[in-house]
Amino acid sequence: MKQPVIASGWGMNSAFAEDFPALITGLKDQKFVSAKPWFATDDEWQNLRLTVNPHTVPDEPAARPGIERIRLVIDQALKMAQLNASDLAGKRVRVYIAGSGVRGSINDFIGYLDRNDTEDLLFFPQIKNLHAKEYGQDQLAHALLETYSLSWPPVSLYCASNSSLAALHLAQSTIAGGGADLALVIGWTEILYQDVVLLGGLDMLGDKHPQPFSHYSDNILPANGTVALIIESEQHATRRGFTPQITIKSSVCYQSGAARGNSTFSADFRSIAQTLDRAIQAADLELKDIACAMPHGNGIIFSDKSEAMALQKVMGKHAVPVVSYKGQFGYSSACSGVLDFMVACDALMQRRLLPMALRYPVDESLELDLPVANQPYPLTARNILKSGLGIDGSVIAMVLSACQEDIHELS
């Protein structure tokens, strides 16, 4: 029999908000994150044959180093979960890191690849970023292992936009299967020069703010960010005296591209629909039990339309409210799934759905119920359907549920 899995604490940090309460306040105030052009001159992006000077979300003031930023959000999650750092050292604790790891920016040393003598190192210190210690994929894992005296090395994985949700899926499956009592899921995104070149070359970037589910924009807004989420078995939480508020009723993963031997992701609405349907069935729920859907919703028209078609196929037209806040707080690829998960948890705990702030009108032809009023949308059902898409061909869907009939009875 599978163990019930609950979400007990979380934290985040980005240019939009320094912590999760600030994130919710920003969404309530219908705030938009600031963006600016990546390249300083027109010659730079035009020489790369990009269509525009891509806009990204800058870290202002400059962000802390990766490990410091990760420790910050872990502390936030531990505090909310009523845990100490020493609780992460247990033998039945697992840690998952979603992200591409520590990397050097190719812009620092691409012009010096053939230079490595003493004088080159003196006059071109950027070459030192080629050293393995500057981009070792296990650097963060080792730092966490030492800092928190972990019994097991952290598991690192990266599948671009679905990284954090994939890590959460693995963590939830491990706990549900009895392989662990508690898991910490970490997501970390740092946008570098090579990311902008790659995404710009794929025509996924733009020079204006994106608006999910709108035909007036067709781009994402890359942003740095860090998230941390603690989940545990319901039995473990009860044993330590913690009152659960949110449970993960189901988590389902489908690998669409790999099944066809194709490494390029194509947003197939049939695959998405099948995964959504399986998640609802695995949670032993009916469509009327779903209060809201939080799809990937990254602002790319083709992707958003595929998700809209999948939601229509599974739930019908205008069936439930559908939201994506990536047009407001930006798109942190290796954090986005867990960040949405946190917002969904808050919506269930507060029994309300915050409306989407709009830069541009939504596409009415998608026939989705997109809450865009100025007032929060009341939630009557106790379950939210969250889904994510990955460039590796993965589709993940999970159902979150409020543990109590009236969650406010807990306060």
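Read-outs throughout are calculated quantities, based only on the coordinates presented, and are distinct from any laboratory measurement. What you are looking at is a predicted structure, and each value in this text was computed from that prediction instead of being measured. Positions of Cβ are generated from backbone atoms using ideal geometry, with glycine treated the same way; all protein chains shown enter the neighbour counts.
Computed over segment 137-272, the convex hull of the alpha-carbon atoms projects to a mean area of 11.7 nm². Highest mean first, the peptides 312-325, 141-154 sorted by other C-beta atoms within 10 Å per residue fall in the order 312-325, 141-154. Stretching the chain fully between Ala22 and Arg270 yields a gain of 85.6 nm (0.36 nm per residue, less the alpha carbon separation). Taking the empirical scaling 2.2 N^0.38 Å for compact globular proteins as reference, the chain has a Cα radius of gyration ratio of 0.97.
Using 0.36 nm per residue and subtracting the Cα-Cα separation, the extra length available between Tyr360 and Ala143 on full extension is 73.8 nm. Computed over the Cα atoms of segment 200-315, the ratio of the radius of gyration to the Kirkwood radius (Rg/Rh) comes to 1.04.
Using a basic spin-label model with each label point 7 Å from the Cα along Cα→Cβ, how many nm lie between Ile391 and Lys313? My value for the distance between the label points is 2.5 nm. Near Leu168: Cβ cut-off under 15 Å, other residues only, Lys/Arg at +1 and Asp/Glu at -1. The net charge is +1.
The distance between label points at Ser151 and Gln46 comes to 6.2 nm (points 7 Å beyond Cα on the Cα→Cβ vector).
The fraction of Cα-Cα pairs per 5 angstrom bin, counted from 0 for segment 19-108, comes to 2, 9, 12, 17, 17, 14, 11, 9, 4, 4, 1 percent, rounded to whole percents. Beta bridges per DSSP, both residues in the chain: antiparallel share near 70 percent. For segment 299-411, the orientation-averaged shadow of the C-alpha convex hull comes to 7.8 nm² (one quarter of the hull surface).
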